[in-house]
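What follows is a short report on a single structure.
The values are calculated or read from the model by the stated rules, or taken from the named source; none is laboratory data. Not measured: the values here are computed from a predicted model. With ideal geometry, Cβ positions are generated from the backbone for all residues, glycine too; neighbour counts draw on all protein chains shown.
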Amino acid sequence: MTSTLSGPSAGAAQVVGRPAGSRGGGGSVWRRRLPLLPALVFTIAVTQVPFVVTVFYSFQSWNLVRPGSRHFVWLRNYLDVFADSQFRTAMLNTVVLTVVCVLVSLLVGLGLALLLDRSFPGRGVVRTLLITPFLILPAAGALLWKTTMFDPTFGLLNFVLEPFGAGEVDWLSEFPLASVMAQVIWQWTPFMMLLVLAGLQSQSREVLEAAQVDGAGRWRTFVSITLPQLSRYLQLAVLLGAIYIVNSFDAIFLMTQGGPGIASTNLPYYIYQRAFEGFDVGQSSAMGVIVVAITLVVATFALRLMFRAFDISDGGK
């Protein structure tokens, strides 16, 4: 005996792709997700559990050099953090460092990608050499710039500027934040270049040839065709670059130690100072929670923009 489906039941059967009333969809979904369970457990163990512990410590006044000082103060640590002028300076340095490094490395990477998108002898060698800075460990790159480029006596930068009467400039003392930004830009420009180059090589050559046939010059072609094509890749480069650069620690720790004073101190290094040099577990935990909250807000906003650019549906909304 056969039955005829009508109304909502028929529509649901057509949408799901199987007869209405059949069972078994949930089991297959969980079987597909089961291999991901170890990775999920590991991620929760190494990220979420420490964060919960950090939130717990942020409500306590606890200094490791004062035994018996551990007690709950609830929100006092957060109020003290926002009233701390050094924390505000470190936050400002973090914003300046992130914005300048992302924009400059993106612009330089865009220019290098446009050059490498052309055919010329030795392009493969040049591409390999330009990628090399990104392959160097951040700590090694910071020490390289500190001892080879910025040394006031034997540095290459003073050697190049000596004919112009620059003299022996102590770059790390007189221009600490700019020196750190130069090293970070050098480190991250190849990453930006690779992303932009991928976007350039995904362009339709037929469209570019049609623009040349129509009489469009190079600048007009770049503004009207190439740049809109690259918008997704540029947004992705800005997002990923900002996430990594905002957490810069190696360059500041090895080149300037946050000095002179707090002139080059950013938030990760300031939290390190309060936790491992000042032994103040409570306030350093509160700073970490605040930084994570700010990062989540900015990252969520940036991800929504990126999803919109890549036409990714946000959970069916």
Filtering region 119-128 down to residues that are under 18 Å from Leu195 (Cβ atoms) and out of contact with any Leu (no Cβ under 8 Å at 6 or more places or on another chain) yields Thr128
Can you name the residue in region 130-161 that is surrounded by 11 or more Cβ atoms within 10 Å (Cβ to Cβ) and polar (S, T, N, Q) and, of all such residues, is nearest to Ala251 (Cα to Cα)? Thr147
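Grab the helices (runs of 4 or more DSSP H) fully contained in region 210-257, keeping just those with 2 or more residues being under 16 Å from the mean Cα position of the chain (by Cα) and not aromatic (Phe, Trp, Tyr).
On the way: elements: 218-221, 227-245, 250-255.
Correct list: 227-245, 250-255.
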Confirm whether Ser264 is hydroxyl-bearing (Ser, Thr, Tyr), within 18 Å of Gln86 (Cβ to Cβ) and either touching a helix residue (DSSP H, G or I) at 6+ places or on another chain (Cβ under 8 Å) or in a helix (DSSP H, G or I) (or both). yes
Criterion (in a helix (DSSP H, G or I) and loosely packed, with under 11 Cβ neighbours inside 10 Å) met by exactly one of Arg31, Arg88: Arg31
Within region 235-244, is even one residue surrounded by fewer than 19 Cβ atoms within 10 Å (Cβ to Cβ), within 30 Å of Ser69 (Cβ to Cβ) and touching a residue at least 12 places away in the same chain (Cβ under 8 Å)? no
With respect to Trp219, determine if the residue is of a type in the set (Phe, Trp, Tyr) and closer than 27 Å to Tyr270 by Cα. no
So Phe164 clears everything in (1) closer than 19 Å to Gln201 by Cα; (2) surrounded by fewer than 18 Cβ atoms within 10 Å (Cβ to Cβ); (3) not aliphatic (A, V, I, L, M) except one condition, right? Which one? (1)
Number of the exception - Met149 against (1) aliphatic (A, V, I, L, M); (2) touching a Gly at 6+ places or on another chain (Cβ under 6 Å); (3) over 17 Å from Ser264 (Cβ atoms): (3)
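If we keep just the residues of region 64-77 that are surrounded by 11 or more Cβ atoms within 10 Å (Cβ to Cβ) and of a type in the set (A, V, I, L, M), which is nearest to Ala263 (Cα to Cα)? Can you show your working first?
Taking region 64-77 first, the residues surrounded by 11 or more Cβ atoms within 10 Å (Cβ to Cβ) are 64, 66, 69-70, 72-74, 76-77.
Retained after the next criterion (residues that are of a type in the set (A, V, I, L, M)): 64, 73.
Values: Leu64: 27, Val73: 31 Å.
The qualifying residue nearest to Ala263 (Cα to Cα) is Leu64.
Residue-by-condition table, conditions (1) surrounded by 14 or more Cβ atoms within 10 Å (Cβ to Cβ); (2) within 21 Å of the chain's Cα centre (by Cα); (3) modelled with pLDDT of 90 or more:
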residue	(1), (2), (3)
Trp62	yes, no, no
Leu79	no, no, yes
Arg118	no, no, no
Thr128	no, no, no
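If I filter region 274-290 for residues that are outside any helix (DSSP H, G or I) and of a type in the set (A, V, I, L, M), do I get at least one hit?
no
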Can you find even one residue in region 41-59 that is modelled with pLDDT under 80 and assigned to a loop (DSSP other than H, G, I, E, B)? no
Is region 126-140 home to any residue that is out of contact with any Cys (no Cβ under 8 Å at 6 or more places or on another chain), under 17 Å from Gly259 (Cβ atoms) and in a helix (DSSP H, G or I)? no
Restricting to region 60-82, give me the number of residues that are over 16 Å from Arg274 (Cα atoms) and touching a residue at least 60 places away in the same chain (Cβ under 8 Å). 1
Looking at region 202-215, I want the residues that are without any contact (Cβ under 8 Å) to a residue 24 or more places away in the chain and have a partner that is among the polar types (S, T, N, Q) with Cβ atoms under 6 Å, at least 6 apart or on another chain. Which pairs are those? Ala211/Thr221
